Amino acid sequence: MSCTIEKILTDAKTLLERLREHDAAAESLVDQSAALHRRVAAMREAGTALPDQYQEDASDLKDISKYKPHILLSQENTQIRDLQQENRELWISLEEHQDALELIMSKYRRQMLQLMVAKKAVDAEPVLKAHQSHSAEIESQIDRICEMGEVMRKAVQVDDDQFCKIREKLAQLELENKELRELLSISSESLQAREEN
């Protein structure tokens, strides 16, 4: 199998076109998810829900509407938090996918350069050095992005834990408030009974 520079350049152009197509597809997905997110937010603001997917939620909300408004708000906040969490995870997955593609392409380029050097006695030392420095930079960026993703995951976990604690505290305070009202009602009834006697 003969490996010519023209063939390598043709392969590199083909791979570059594929990368551009993948980038365009990724940007399209990001735009679509943002549009969907805006649409869901607008539907929530208008008080409507998607026909089939949220039919059960609508009936649950009708049942819940008999209760206090803060319960409805807490459920809506939970749904919003779930959507935001899913959005964050999708962004992290997209970034990891792009980084993995960049790493794969970097390794492919390195192997192609090494193959060229092995087939021909061309002095490719400067090109290899430039490529190695570029690869090291890409790998360090991937490491930084992975660290940022981990920090984001931890922040989301802490935020969720805090939200659960606040919700538990609110439920506890409501229960105490109810008990105090019952005690107040009992004491006012006994006071009225004494006054009548």
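Since every read-out is calculated from the coordinates, none of them should be taken as a lab result. Because the structure is predicted, anything quoted here is derived from the model rather than measured. Positions of Cβ are generated from backbone atoms using ideal geometry, with glycine treated the same way; all protein chains shown enter the neighbour counts.
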**Asked** Among the residues of the stretch 113-121, is there at least one that is in contact with a His (Cβ under 9 Å, 6 or more places away or on another chain) and either assigned to a helix (DSSP H, G or I) or without any contact (Cβ under 8 Å) to a residue 12 or more places away in the chain (or both)?
**Response** yes
**Message:** I'm trying to understand the selection: among the residues of the stretch 127-142, which are touching a Leu at 6+ places or on another chain (Cβ under 7 Å), within 17 Å of Leu101 (Cα to Cα) and among the hydrophobic types (A, V, I, L, M, F, W, C)?
**Reply:** Ile138, Ile142
**Message:** Of everything in the stretch 80-103, what is β-branched (Val, Ile, Thr) and under 11 Å from the mean Cα position of the chain (by Cα)? Give them in sequence order.
**Reply:** Ile92
